[in-house]
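First comes the structure, then the notes that go with it.
The values are calculated or read from the model by the stated rules, or taken from the named source; none is laboratory data. A quick note: this is a predicted structure, and the numbers were derived from the prediction, not measured. Methodologically, a virtual Cβ is constructed for each residue, glycine included, from the backbone with ideal geometry; neighbour enumeration extends over all protein chains shown. The protein model used for the area step is the full one, side chains on, heavy atoms only, and it has no ligands, DNA or RNA in it. Shrake-Rupley method; radii C 1.70, N 1.55, O 1.52, S 1.80 Å.
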Amino acid sequence: MKLSRSFYRRSDVCEIARELLGKHLCTKLDGITGGMIVETEAYSWRESGCHAFNNKKTARNAMMFESGGVAYVYKCYGIHHLINVVTGKSESGEAVLIRAIQPDTGTALMQERTGQPLKKITAGPGKLTKALGIDMRFNGADLKGDLIWIEDKKVILKSSQIIASARIGIEYAGADAKLPWRFSI
């Protein structure tokens, strides 16, 4: 069952990031591909690691200011596409980066897209988007649609299974880089 709009439109981006663990991210292009979300990072306009810091809206980050439940896709270093789940109400400037999934659907197609062994095809935000076929066409896509969606397959995680740590690759954010807003199983 696809997650409801109300799941995405809550106000606590860290809670949503934590609760996305165990859910399944899926895409449908030339076949259905997907897997269980195992690592996320929360971002909010309130902290300097976020593209929407201080509520600054640009052409690149405009999707972060939409109502929760759409995809925010951007290119990192001009090479890798990264997928974020927009959260909160319209104009909130918050999103959750999906950093890794455990592939379980359409794995042969994912391997074909990446040319990598199964163990490595979705271990990182750039790798998972390549494996799932995610590119800029997905920016703004409705997460309740048929192109990309997140399902709840009723995976139950205990709080002891979830690790909170500092986010990766945002050292420029100073003290905000140390916020424990990275969540993994």
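Per-residue answers, yes or no, for (1) over 18 Å from Cys26 (Cβ atoms); (2) among the β-branched types (Val, Ile, Thr); (3) more than 14 Å from the chain's Cα centre (by Cα):
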site	(1), (2), (3)
Ser67	yes, no, yes
Ala71	no, no, no
Tyr77	yes, no, yes
Val96	no, yes, no
Arg99	no, no, no
Gly106	no, no, yes
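Within the range 115-141, how many residues are of a type outside the set (A, V, I, L, M, F, W, C) and farther than 21 Å from Val86 by Cα?
5
Quick one: in the range 63-81, of everything that is modelled with pLDDT of 95 or more and not in a strand (DSSP E or B), which residue is most open to solvent (accessible area, probe 1.4 Å)?
Glu66
Restricting to the range 3-50, name every residue that is buried (at least 17 other Cβ atoms within 10 Å of the Cβ), charged (D, E, K, R) and part of a strand (DSSP E or B).
Selection gives Glu39, Glu41.
Filter the range 140-153 down to residues that are in a loop (DSSP other than H, G, I, E, B) and in contact (Cβ under 8 Å) with a residue 12 or more places away in the chain, then give me how many there are.
Of the residues in the range 140-153, 7 are in a loop (DSSP other than H, G, I, E, B) and in contact (Cβ under 8 Å) with a residue 12 or more places away in the chain.
Among the residues of the range 82-129, what is the count of those that are surrounded by fewer than 18 Cβ atoms within 10 Å (Cβ to Cβ) and on the phi > 0 side of the Ramachandran plot?
Count: 3.
Go over the candidates Ile156, Ile168 one by one and state the one that is modelled with pLDDT under 95, outside any strand (DSSP E or B), of a type in the set (A, V, I, L, M, F, W, C) and loosely packed, with under 14 Cβ neighbours inside 10 Å.
Step by step, each of Ile156, Ile168 is checked, and only Ile156 is modelled with pLDDT under 95, outside any strand (DSSP E or B), of a type in the set (A, V, I, L, M, F, W, C) and loosely packed, with under 14 Cβ neighbours inside 10 Å.
Under the condition of being out of contact with any Phe, Trp or Tyr (no Cβ under 6 Å at 6 or more places or on another chain) and polar (S, T, N, Q), which residue from the range 1-43 is farthest from Thr107 (Cα to Cα)?
Ser11
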